[in-house]
Amino acid sequence: MRTFALLSVLVIFIESGLGTQYHLTLDEWHIFVWLELLVTAVFTLEYLLRIATWPNPLHYIFSFWGLIDLATILPLYVMWLWPEISLNYVFAWRAMRAIRALRILKLLRFMPSLNVFWRAIVSARHQLILFYSFIAIVMVIFGSLMYLIEGPEYGFTTLTPRSIGPS
């Protein structure tokens, strides 16, 4: 199951990266559709088996991992049942599929070195929050300063297709 979870995350990363490429053929896109179906089928089977074998199924369903497991299989079923909704919220459904990456955290119990790494991050969480808060504040200050220096009137009017695209 570890290999399958890693494969699933790898497919998501590749699919997200290729999502902006329009030169892929229909056959190449079909590979990703079939991989999505396979991954969702396996995750659905695992989810249903966990519910069936858990001593208190409702406890698992509403637990953190139960909600993560549900979020990994939900997008495909919503797209099948309500395709008009999925067309309007493509980015949200892709983000929900990316939640599959959180399933890698389940692998911590099998990898002692990752467990040590996770404990180090948890123990340094206050310092990390402080550091990233400081970075965010500095970004807002310097972004505001650049806005004051440059002013709102020019924007991106000086950009031409030749200056931002391939020659």
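ARG2 is checked against (1) farther than 17 Å from PRO75 by Cα; (2) modelled with pLDDT of 75 or more; (3) not β-branched (Val, Ile, Thr) and fails just one. What number does that condition carry?
Failing condition for ARG2: (2).
Please pick out the residue among ARG100, ARG109 that is closer than 22 Å to LEU70 by Cβ, modelled with pLDDT under 90 and more than 21 Å from the chain's Cα centre (by Cα). Explain how you work it out, then say what you get.
Details: ARG100 fails: more than 21 Å from the chain's Cα centre (by Cα).
After ruling out the rest, the residue left standing is ARG109.
Filter segment 53-82 down to the residues that are polar (S, T, N, Q) and not in a loop (DSSP other than H, G, I, E, B), then identify the one that is surrounded by the most Cβ atoms within 10 Å (Cβ to Cβ). Give the derivation first.
So the first thing to find is which residues in segment 53-82 are polar (S, T, N, Q), and the list is 53, 56, 63, 72.
With the extra rule that they be not in a loop (DSSP other than H, G, I, E, B), the set shrinks to 53, 72.
Working: THR53: 9, THR72: 26.
Filtering segment 53-82 for residues that are polar (S, T, N, Q) and not in a loop (DSSP other than H, G, I, E, B), the one surrounded by the most Cβ atoms within 10 Å (Cβ to Cβ) comes out as THR72.
The values are calculated or read from the model by the stated rules, or taken from the named source; none is laboratory data. Keep in mind that this is a model prediction, so the values were computed, not measured. Neighbour counts run over all protein chains shown; Cβ positions are idealised from the backbone, glycine included.
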